[in-house]
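Below is one structure, written out as structure tokens; the observations come after it.
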Amino acid sequence: MATDASPLHPYWPRHLRLDSFVPNDRPTWHFLAGLFSVSGVLVVTTWLLSGRAAVIPLGTWRRLSLCWFAVCGFIHMVIEGWFSLYHEDILGDQAFLSQLWKEYAKGDSRYILNDNFTICMETITACLWGPLSIWVVVAFLYQQPLRFVLQLVVSVGQIYGDVLYFLTEYRDGFQHGELGHPLYFWFYFVFMNALWLVLPGILVLDSVKQLSHAQSLLDTKATKAKSKKS
């Protein structure tokens, strides 16, 4: 819906009429501090856990990757899970996580417009990639055979969702945020989401390397066994 009056909200396109909108009663730094504080606690906790609970010692890179998956599990299941469950109520709700999403929506208003793609994408992320991210952590701690397969599946899923997220907004002409804004566009929309392209991309390469090596060893063993029989 559109109106000629000055909008009483911070979202784009500016002509949007959002009758149920209730402004946040918390400053921006509250949300950023909350998000990064919880993420920091998870990183420290996972780092310590990976040094003590792993059945065999893990290297620095592997422990850092588990910290990443622990943070992913939290963000996917808790924050994105909240959106998946309460997307219809966020615009007028004042719960902390609803206000966090209203803050993020300043960079992408699809999150307060009941956009079908965003709802489906976030629901899949919360229900699949969240629990699987936690499984990745457990799998590496206990050296489960599926660990690199899980890492590959989760990372490819994250990249796929992120690519669609960026491309759909590109095809919409970046109309759901203020293009070029240093906080809302470059930090919220670009940087925060680009993390799920760069880091999963590195982890995909790591998984391919490890799985290829394992397959090569199996092939060599099978070839030697066949030669002995001959």
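Where a number appears in this text, it was derived from the coordinates with a stated rule and is not lab data. Computed from a predicted structure; not experimentally measured. Cβ atoms come from the backbone with ideal geometry, glycine included; neighbour counts cover every protein chain shown.
Annotations
- Build a GNM of the chain with springs between Cα atoms under 10 Å apart, and of Gly73, Gly177, Gly59 the one that fluctuates most is Gly59.
- For the range 1-137, the C-alpha radius of gyration sits at 1.27 times the compact-globule guess of 2.2 N^0.38 Å, with N the residue count.
- Calculated from backbone phi, Karplus (6.51, -1.76, 1.60) coupling profile of the range 124-134 in Hz, x at Gly/Pro: 4, 4, 5, 7, 9, 5, x, x, 5, 5, 5
- Scattering curve values for the range 175-230, log₁₀ I(q)/I(0), Debye with Cα scatterers, q = 0.14, 0.17, 0.22, 0.31 Å⁻¹: -0.59, -0.69, -0.83, -1.05
- The length gained by stretching the chain between Asn116 and Lys209 to full extension, at 0.36 nm per residue less their Cα-Cα distance, is 29.8 nm.
- Rounded to the nearest 500, the 222 nm mean residue ellipticity of the chain from helices alone is -20500 deg cm²/dmol, with -39,500 (n - 2.57) taken per DSSP H run of at least 4 residues.
- Projecting the Cα atoms of Phe174, Met121, Ser227 onto the charge dipole of the chain (Cβ charges, centred on the Cα centre) puts Ser227 farthest toward the positive pole.
- Ellipsoid semi-axes for the chain, based on the Cα gyration tensor and the rule √(5λ), read 41, 20, 14 Å when sorted largest first.
- Extension gain, Tyr170 back to Lys226 (0.36 nm per residue minus Cα-Cα distance, nm): 14.7 nm
- With the Kirkwood sum run over all distinct C-alpha pairs, the range 122-230 has a hydrodynamic radius of 16.5 Å.
- Cα-based reach from Lys228 at 25 Å (exclusive), listing lysines while leaving out same-chain residues under 8 positions away: none
- Candidates Thr28, Thr118, Thr46: whichever shows maximal mean-square fluctuation once the chain is modelled as a Gaussian network with Cα springs under 10 Å: Thr28
- Extent along principal axes [Cα atoms of the range 15-65; Å; largest to smallest]: 57, 20, 15
- Quarter of Cα convex hull surface for the range 78-150, i.e. mean projection, nm²: 5.6 nm²
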